[in-house]
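Engineer: Okay, here's the structure, questions in a sec.
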Amino acid sequence: MNGEANKTSIDSRPVFPKRAVITGGMPYGNKDLHFGHIGGIFVHADIFARFLRDRIGKDNVIFVSGTDCYGSPIVEYFRKAKDSGEFDGDITEFVRFNHERQKEVLDSYHISLNLFGTSSFGPSSEIHGEMCSGFLRELYENGHLVKLTTPQFYDPEREVFLNGRQVTGRCPIPGCSSEKGYADECDLGHQYMPQDLIAPKSTLTGEKPEMRDVSNWYLKLPAFQKLLEKWVAKAENIPGSRLFMVKSIKEFLDKPTIHIKQDLLEQVTELKDKLPAHTREEGMSKSFKLVFETLEQREEACRILAENSIFYRNGKTLTPFRLTGNIEWGLPAPDMEDLKGLTFWVWPESLWAPISFTATYLEQQGKNRNGWKDWWCSGDSQVYQILGEDNVYFYGPAEMAMFMGSQGKDPVANPPEGRLQLPELIVNNHLLFLRKKASSSGEVKPPMAREFLEFYTSDQLRAHFISLGLAIRSIDFKPKPFNPAADERDADPVLKEGNLLCNVFNRAVRSCFYTAQKYADGKIPVGTVSKEIIDEAKKVILEFESTMYRHEFHLAMTVADNYIRGINKFWDKNIKAAGKEYNEAMKQTLVDTFHMVRVAAVLMHPIAPTGTEMIREYLNLGEEFWDWDRIFDPLYSFMENPEQHELKFLEPRVDFFEKHPSQVSYK
């Protein structure tokens, strides 16, 4: 790349926000973290957060997550743990125990959260409770809530209403591959009315529950149809936007639809005049569909079809989004009108929980908690939410509508300054385990994240997870120690990136240090970096930055991988040509290679923080080493006196990127 091309590329670099919030979802407080939490979400979120800290300044980035403490999954797991004698304590202690274990795993993987909060105890819970009440009242006052009475599952034997995972059955959504459906959503995130669940069963008694009417607050989600269409059209044009995410969201913006098997066409035709106005279209898998203009029309059609014993399934569309419930283990909702004693449904309160956690973090830093608005309500800031494809509905249509609804009675799709801005969604496909989707509620149980640290280092796993390309498709995670089908002679696929660190990059860095110690008094020789080395470094830096801007993290890893392998090739070629005596050729090779090591270390800093921080330590340089505002500056610019700057002495056989003890052969 010539100088003019470099200048053009530098001038057209992507523009990052002045401030950024990164969120990594909220794992339920019923268990430890499994490999999908870490490999599918938290590693990606952490790498992007670390990159942004280097790129726009660490004081301009807040990375938050927390334990989702409430909801029926926690109640159900707690009940089973108590019944089996696995846990002795109350439900708050149960959640606290799991929260601490989750935090321990996150720390082990070097997930650099500014705050890993909780919604039911600790400093963040008070702020979260206030935030939730305020949010619900604001939506109510702005006219975006509706009070609906709907049937809810009730276990007459236990004399309790059943919520969420206290009811199991089969998902009624056509084409759904979910292994399990719950009260009003399946484990793939599809929502439906409780009465549509196929073969419901109470987890408390194993019996079929009754349906009893209850009243709750719902967001008027269908009223946001036009605004959501504008939002998704804008999201579709964001660089790096996941096309499968856009496709999934657009499905929920379809008109209300009913799917019916083709062999029932004659019976439905006989009811044509009784059904509300509709159009009939071809469906999939030997079915047809009835399409309606309004949700009310579809509900009336469902009633008529049910009365005539015609089996049907509802298609995806926007339906009122429930905000409250009556679960005992839930965050209390404010009393409004005649609805008293309700609790928040866990999904909506988890969507604005990152705002509560941002406020908590700021307060812990001695700042005003209301400063969260500078991060969530300013056009100078951007919120990035990293999530799995199962949760697109909640973070997409539901969250965006709630955030828009907080503006006032007449919201817009492009929020004004001072109002909640709409987050950018970074959605990953499934991280499979041995070719299957692992799920705590499914047949294939996911291994716990802490188990993998018995065979790999965190840097090795982080580099592997980020390389998998979850932005494109679901990827199979096949760690050899966990694969019963693996042959002893097979290579471990997880170690491809691990070997890049522990073998290739490690060798390049060690070669520089040991050679400098042997020939240059433990100093980096002062000289001018070769033009071709500078030009290539600029090209790689800009390419890496561009892939990170587009959230193509796997491509960023590929860029770094190719560059690091090039360092060794350059070193082997030039150090051999220089001979065994210290001369100008060897000096220039050291000057050039140290420059390449510096660039590679900065690129890999978000991905492999442990080893790259060790490189900085042995270079004897400060934190400004990572500053992307100085990314094109020579290494000497970070030294007060380059001629006298000494490297930290590297003892023999010391590795910057260590292998896990299980990977080392001892003789």
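The values are calculated or read from the model by the stated rules, or taken from the named source; none is laboratory data. Only a predicted model underlies this, so the values are computations on that prediction, with no experimental measurement involved. Positions of Cβ are generated from backbone atoms using ideal geometry, with glycine treated the same way; all protein chains shown enter the neighbour counts.
Engineer: How many residues does the range 593-624 hold that are closer than 22 Å to ARG565 by Cα, within 31 Å of the chain's Cα centre (by Cα) and assigned to a helix (DSSP H, G or I)?
Structural biologist: Initially, the range 593-624 is screened for residues closer than 22 Å to ARG565 by Cα, giving 593-616, 618-619.
Adding the requirement that they be within 31 Å of the chain's Cα centre (by Cα) leaves 597-616.
Pick out the ones that are also assigned to a helix (DSSP H, G or I) and you get 597-604, 609-616.
Number satisfying all stated conditions: 16.
Engineer: Pairs only if they're at least six apart or on different chains, beta carbon under 7 angstrom, first in the range 98-124 and under 24 Å from GLU86 (Cα atoms), second of a type in the set (Lys, Arg) and modelled with pLDDT of 95 or more; list them, first residue then second.
Structural biologist: VAL105/ARG450; PHE121/ARG96
Engineer: Same structure again: Any residue at all in the range 246-258 that is of a type outside the set (D, E, K, R), in contact with a strand residue (DSSP E or B) (Cβ under 9 Å, 6 or more places away or on another chain) and over 23 Å from VAL232 (Cβ atoms)?
Structural biologist: yes
Engineer: Suppose we filter the range 137-166 for residues that are surrounded by 17 or more Cβ atoms within 10 Å (Cβ to Cβ), modelled with pLDDT of 95 or more and in a strand (DSSP E or B); how many remain?
Structural biologist: 1
Residues checked against (1) touching a helix residue (DSSP H, G or I) at 6+ places or on another chain (Cβ under 8 Å); (2) modelled with pLDDT of 90 or more; (3) assigned by TED's automatic domain parsing to the domain that holds MET604:
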residue: LYS436; (1), (2), (3): no, no, no
residue: ALA449; (1), (2), (3): yes, yes, no
residue: TYR456; (1), (2), (3): yes, yes, no
residue: PHE477; (1), (2), (3): yes, yes, no
residue: GLU488; (1), (2), (3): no, no, no
residue: ASN499; (1), (2), (3): no, yes, yes
residue: ASN506; (1), (2), (3): yes, yes, yes
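Engineer: State the number of residues belonging to the range 625-651 that are surrounded by 14 or more Cβ atoms within 10 Å (Cβ to Cβ), under 34 Å from the mean Cα position of the chain (by Cα) and under 28 Å from ALA578 (Cα atoms).
Structural biologist: Result for the range 625-651: 1.
Engineer: Which members of the range 97-117 meet the condition of being more than 22 Å from ILE127 (Cβ to Cβ) and in a helix (DSSP H, G or I)?
Structural biologist: PHE97, ARG101, GLU104, VAL105, ASP107, SER108
Engineer: If I filter the range 358-390 down to residues being in contact with a Leu (Cβ under 7 Å, 6 or more places away or on another chain), of a type outside the set (D, E, K, R) and in a helix (DSSP H, G or I), which single residue comes out as surrounded by the fewest Cβ atoms within 10 Å (Cβ to Cβ)?
Structural biologist: In this case the residue turns out to be GLY371.
Matching residues to (1) more than 30 Å from VAL167 (Cα to Cα); (2) part of a helix (DSSP H, G or I):
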{"residue": "PRO397", "(1), (2)": "no, yes"}
{"residue": "GLN407", "(1), (2)": "yes, no"}
{"residue": "PRO411", "(1), (2)": "yes, no"}
{"residue": "PRO415", "(1), (2)": "yes, no"}
{"residue": "ARG462", "(1), (2)": "yes, yes"}
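Engineer: Scan (1) crowded, with 22+ Cβ neighbours inside 10 Å; (2) on the phi > 0 side of the Ramachandran plot for the single condition ALA353 breaks and write down its number.
Structural biologist: (2)
Engineer: Could I ask something else about it? State the number of residues belonging to the range 518-538 that are out of contact with any helix residue (DSSP H, G or I) (no Cβ under 7 Å at 6 or more places or on another chain) and surrounded by fewer than 17 Cβ atoms within 10 Å (Cβ to Cβ).
Structural biologist: Keep residues of the range 518-538 that are out of contact with any helix residue (DSSP H, G or I) (no Cβ under 7 Å at 6 or more places or on another chain), which gives 518, 521, 528, 531-532, 534, 536.
Going one step further and asking which of them are surrounded by fewer than 17 Cβ atoms within 10 Å (Cβ to Cβ), we end up with 518, 521, 528, 531-532.
The qualifying residues number 5.
Engineer: Looking only at residues in the range 417-427 that are of a type outside the set (A, V, I, L, M) and part of a loop (DSSP other than H, G, I, E, B), which one is nearest to HIS144 (Cα to Cα)?
Structural biologist: This residue is ARG419.
Engineer: Residues that are surrounded by 19 or more Cβ atoms within 10 Å (Cβ to Cβ) and assigned to a helix (DSSP H, G or I): does the range 86-93 have at least one?
Structural biologist: Yes, the conditions are met somewhere in the range 86-93.
Engineer: Identify all residues within the range 275-308 that are without any contact (Cβ under 8 Å) to a residue 24 or more places away in the chain, surrounded by 13 or more Cβ atoms within 10 Å (Cβ to Cβ) and in a loop (DSSP other than H, G, I, E, B); write none if there are none.
Structural biologist: HIS278
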